[in-house]
Structure formats: structure tokens, C-alpha cells
Amino acid sequence: MKKQIAILGSTGSIGTQALQVIEEHPDLYEVYALTANNKADLLAEQARKFHPEVVVIANEDRYLQLKEALEDLPVKVYAGNDALSQVVEAGPIDIVLTAMVGYAGLRPTINAIKAGKTIALANKETLVVAGELVTRLANEYHAPILPVDSEHSAVFQCLEMNNPVHKVILTASGGPFRTYTMDQLQTVTKEQALKHPNWHMGAKITVDSASMMNKGFEVMEAKWLFGVRPDQIEVVVHPQSVIHSMVEFEDGAVKAQLGVPDMRLPIQYAFSYPRRVHLSGERLDFSKYSTLTFEKPDTARFRNLALAYEALHQGGNMPCIVNAANEVVVSAFLSDKISFLGMSDVIEKAMARVSFIQIPDYTDYVETDAETRRIAAELVINGVK
């Protein structure tokens, strides 16, 4: 029986690589639904190739374009965020790959959990924003959450059934600015930030990697995915990106997951779990890596990592505030409206100004997100004061 897969964000980096995995294993997987935000042309092209039951374009202005492009195919075409959130509830779906970027992934992920689907989680903001709510719902509705992030997939692969984790060690490449001084960081451009040394990803996550906010988000995710305290999560800079993460056990033994930087591997593992199936492509050649190095992250130069830990310690809606502020400043940075270091300034100010809620519900998260975006946008426009 083929697993029926819905891909939220099929036109992005994770989504397109997931389709490569499905294409390699047509005997195991079948596409049930594809969704995209704006890229109607690519979504139509994917639909023609993979013949899903349903496609959804979030931007309603692109609906007619998509509908006309697929009018000769027996595929249902919908538009809008409501349709996107509802499609995941369809009975035949086995796995929902949440590969949307940002806060927008929260609502459809919650709907998929309530429908009892297996979640292949690539949208890290879901757990960053509402980790407590999402994990509680996953337990209540018996919906497994399988991590797709390379680091969390690595940790997941290292876990042992009856041995509790002493420490989770997340590796970070350090991004393109790992060796830059504060003076150099003052003037870096978006073009420089988008040149990641090891991974090929979308623009937003690449900037997050350069600022180390991506690693901060992964720390928050790890807390909820693996049930560990913030002081049990360590970040280590590992520029070669060969070790994707590690787990230390009570006796001091450390297990690590290694591999080439290829996101298809964690995507496929989430699809095939608990089995492992063949994956084409490059394999790890140890003769190419005479040295593997490790160093502590510098939170003076990369303040976002420290801000993420601070948000995690405070709890409540503070991680939601950090996420919303970060989405605003990354968009501003990509539009040349704020400096690289200025992003952290805005996030820190937003953390101080947005209303703090210790025990938020879903409505609180929605309101926090809106309030934070308004305040962060004002800080960007007026300059941080």
C-alpha cells in the first residue's frame, strides 16, 4: 500500500526535494495534495507530473491562472488559507509534510494533527511559536511528529528506546560570516548572506542561518521534540557540516549521525520511518575530510542565538514574539531596509515591548503574532530607539 503524502509548500526547497524522493520510490509513495503560496506556474508543472488529487494556491489572486493551467486534468483546484488548512484533513492522507515557511505553517499543522495525520515537520516555526500547544495536541490526537530538519532528524536517529538523553548537541555550520569581525558584520549584504557555504536552501532560512537565528529556533524545537530542558541543549559550531547532530547519554557516551549535506535523507527517513530505503546520490567519503573541527558559538557577534535561549527560558508567548519579529526583519534585510546587525536590535526591542502572556492559547498566539509584526515594522521604519 503506497503512502499518500500531502506536501505543504511543494514549490520550495524542501518541497521540491521531497518530490525527488517520491519520484525515486513510486512503489512506496504517492502525492495526494500539493500546495504553494505564490508559484502557480511551478505548482501546475508539479501537478502535471505527479497527478495529485488536490492542489491549493494560498494566494487567491493566482487561482484562475492555476485553474486554467490544469483545466484538462481531473485535479481539484482550490485557493486561500482556509482551503490550505482544510486539505490536510482529507481521509486518504497518511503523511503531511509541513514545508511552508514561517508562521503560516501553524494553522494547517494543527489541523493535520487534529485529523490524526503523521506530521513530517520541516516548518520549524510551528514548534517555535506554539510548541507546548502543538505537542499537547499531538499526544491528544495520537499524531506522530517526525522531524525533517537535518539536525533534529540526526538527534531522532541517535535516540535509544530505554536510555534517557543527558544532552542534545546541535551542530551549526556557522554560516557565511562565521569568521567575520563585528566591524565586517556592520556592512555585510544580502548577497553575501545568501551564499551559504554548505547547504542550498530558501532565502529566509539562509539568512536565518547566517544570523544563527535558525540555530536558535532549532534549540526551541529540540525542547519540544525531545522533552529536554534548555540547559540540556548545546550548540556546537562544526563548519564541515558532516556531523548533523549528537546525543550524549547518562554514562557520557555520545552518538552522532553523519552524512553529506543532503536534505533528501531526512525527508526520506521521515517518509519511510522506521524503515530505511535506498537513496541515490553522493555518499560520505571520509578521505575528503582529514579534519573535523568544532568551536563554541560567539553570541556576542551572533546575538540571535542568545535571544532565542532567553525566549525559551521565559516561555509563554516570548518565542512567538521572537519568531514574528524575526520574520519582519529578515524580510526587511532582504529588501535592503535594515542592516544585518540591526535585525537583532529590532528583535530585542520587540521582546521588551510586546505584551507578555505566560500561558497563551491559540488566540493569544494569533494576537501576539499580529502585535509583534506591527511593532517590529515600526521599529524598522523609524529606526531602533
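In this structure, Ala79 does not qualify as more than 20 Å from Asn111 (Cα to Cα), surrounded by 17 or more Cβ atoms within 10 Å (Cβ to Cβ), touching a residue at least 12 places away in the same chain (Cβ under 8 Å) and not basic (Lys, Arg).
Only one entry of Ala350, Ala311, Ala377, Ala324 meets the criterion of being in a helix (DSSP H, G or I), farther than 26 Å from Lys114 by Cβ and in contact with a Ser or Thr (Cβ under 8 Å, 6 or more places away or on another chain), and that entry is Ala350.
Residues in the stretch 161-180 that are in contact with a strand residue (DSSP E or B) (Cβ under 7 Å, 6 or more places away or on another chain) and surrounded by fewer than 22 Cβ atoms within 10 Å (Cβ to Cβ) were compared, and the one that is farthest from Pro319 (Cα to Cα) is Asn163.
Let me confirm something: among Lys190, Lys255, Lys223, which residue is basic (Lys, Arg) and under 23 Å from Glu310 (Cβ atoms)?
Numbers: Lys190 fails: under 23 Å from Glu310 (Cβ atoms); Lys255 fails: under 23 Å from Glu310 (Cβ atoms).
Criteria check complete, one pass: Lys223.
The set of residues in the stretch 118-144 being among the hydrophobic types (A, V, I, L, M, F, W, C) and part of a loop (DSSP other than H, G, I, E, B) consists of Ala122, Ala143.
Of all residues being among the charged types (D, E, K, R) and either in contact with a strand residue (DSSP E or B) (Cβ under 8 Å, 6 or more places away or on another chain) or part of a strand (DSSP E or B) (or both) in the stretch 1-24, which is farthest from Val56 (Cα to Cα)? Just the residue, please.
Applying the first criterion (among the charged types (D, E, K, R)) to the stretch 1-24 yields 2-3, 23-24.
Those left that are additionally either in contact with a strand residue (DSSP E or B) (Cβ under 8 Å, 6 or more places away or on another chain) or part of a strand (DSSP E or B) (or both): 2-3.
Details: Lys2: 22, Lys3: 20 Å.
Here the residue is Lys2.
Can you tell me which residue is modelled with the highest pLDDT among those in the stretch 145-162 that are outside any loop (DSSP other than H, G, I, E, B) and in contact with an Asp or Glu (Cβ under 7 Å, 6 or more places away or on another chain)? Result: His152.
Please go through the stretch 249-263 and pick out each residue that is farther than 16 Å from Phe294 by Cα and not aromatic (Phe, Trp, Tyr).
So in the stretch 249-263, the residues farther than 16 Å from Phe294 by Cα come out as 249-253, 259-263.
Glu250, Asp251, Gly252, Ala253, Gly259, Val260, Pro261, Asp262, Met263, listed by residue number.
Reported count of residues in the stretch 193-250, each being in contact with a His (Cβ under 6 Å, 6 or more places away or on another chain) and of a type in the set (Lys, Arg), is 0.
The values are calculated or read from the model by the stated rules, or taken from the named source; none is laboratory data. The structure displayed is predicted, hence computed values, not measured ones. Every residue, glycine among them, receives a Cβ derived from its backbone with ideal geometry; neighbour counts consider all protein chains shown.
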